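The numbers here are math on the coordinates, done by the rules we state, and not lab data. Note that the coordinates shown come from a computational prediction; the quantities given were computed from them, not determined experimentally. With ideal geometry, Cβ positions are generated from the backbone for all residues, glycine too; neighbour counts draw on all protein chains shown.
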Amino acid sequence: MGAGMATLLLKRLLKHGLRLLVALTCLLSLAACTNLFFYPMKPWVQNPANQGLDYQDIVLIQPDGLRLSGWWLSAVAPLKGTVYYLHGNAQNISTHVMNVAWLPQEGYQVFLLDYRGYGLSDGKPSLEGALKDIQAGLDWLDASGRLQQKPLIVFGQSLGASMSAWVLAQPDNRSKADCFIEEAGFADYKDEVNAVMKQSWLLWPLRPLVVPFINNHHAPEKIIHQLAPMPLMVLHSRDDKVVPFAHGERLFAAALEPKTFVTVDGSHGQAVQSAATRQQIMQFMQHCTSGPEPAALTEPVKQQWHF
């Protein structure tokens, strides 16, 4: 090989090596924060009136002036309680409302909140910010008078479940809710990123460069035991490709009694599409808000999916 050819080859290697280094640096910078978990959508695709629901627009103002948007669904039947619903990491309340649209007919009013950066809520998404937003909604419910001395049930799905667990475990919040339902939540932020990256041949080899930098301070598995004696219901599907079933098992193992685990079928965060699962949820809410510990619901719930 001539000197000129060797020099050209060296330049190309340095050029591509620099590009790779820059790419990895950007990747690590992103991984160092938890914004990787948030995929917001701004436009609404519908409102509750499209589903024949009586609703109100709710606006909460954070101390720094940031405005949060939510919906209040009124109960149709005689009031049994209130459900505070926290959605997953993608889209906004307009795409998640069907997960709770069935509750008003069962006697439960529902408050849905969009985290900062989602839907009509101001700001940019972040884990610390979303935790503050969930707290703001909980404080508002506690002070609003809308609960009418009826039970408050917190229902979180996916990332909403994981974040809600952290908020509810804080000492000042332990008397603000009567029970907690979490579906498809993950136990650990690092392990969830690792599981997602394993699904991509492109991302698989980058796991050692990304996973160690994930902020895992708010891992639900570390604090879920602090929810007791609040009754807890964990729903998770063996078919979940987004958050593996093992996460639900770990959360349940780390939690203290009273607790209930329901195994469901179907894709990520789709359990409430099943009438059987809705019945299980109703049974749990009735038990956990009426005094006795909830019955053990250990039999898998078989679901049929219609798209």
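Taking the beta-carbon count within 10 Å as an exposure proxy, list TYR118, TYR39 from fewest neighbours to most.
Least crowded to most crowded, the residues run TYR39, TYR118.
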(request) Please report HIS96, HIS218, HIS236 as a ranked list, fewest other C-beta atoms within 10 angstrom at the top and most at the bottom. (result) HIS218, HIS96, HIS236
(request) Just order 146-153, 161-168, 84-91, 105-112 by mean Cβ neighbour count inside 10 Å, highest at the front, would you? (result) 161-168, 84-91, 105-112, 146-153
(message) If packing is taken as the average count of other Cβ atoms within 10 Å, what order do 281-289, 192-200 fall into, highest mean first?
(response) 281-289, 192-200
(message) In 10 Å bins starting at zero, report the fraction of Cα pairs in region 93-187 per bin as a rounded %.
(response) 14, 49, 34, 2
(message) Pairs of alpha-carbon atoms within less than 8 angstrom and 6+ residues apart define the contacts here; what relative contact order does region 3-288 have, in percent?
(response) 15 percent
(request) Could you give the size of the charge dipole of region 3-288 about its Cα centre, using +1 on the Cβ of each K and R and -1 on the Cβ of each D and E, expressed in debye and rounded to the nearest 20? (result) 1060 debye
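So how many Å³ per residue does the convex hull of the Cα atoms of region 3-288 work out to?
On the way: hull volume 41.5 nm³, N = 286.
Cα-based convex hull of region 3-288, divided per residue, equals 145 Å³.
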(request) Would you mind checking the pairs LYS198/LYS222; LYS222/LYS259; LYS42/LYS176; LYS80/LYS132 and listing those with alpha carbons more than 19 angstrom apart? (result) LYS198/LYS222; LYS42/LYS176; LYS80/LYS132
(request) Figure the gain on full extension for ASP122 and THR95 (residue separation times 0.36 nm, minus the Cα-Cα span) and round it to one decimal in nm. (result) 7.9 nm
(message) Order these by the 10 Å Cβ neighbour count, fewest first: PHE261, PHE37, PHE245.
(response) PHE245, PHE261, PHE37
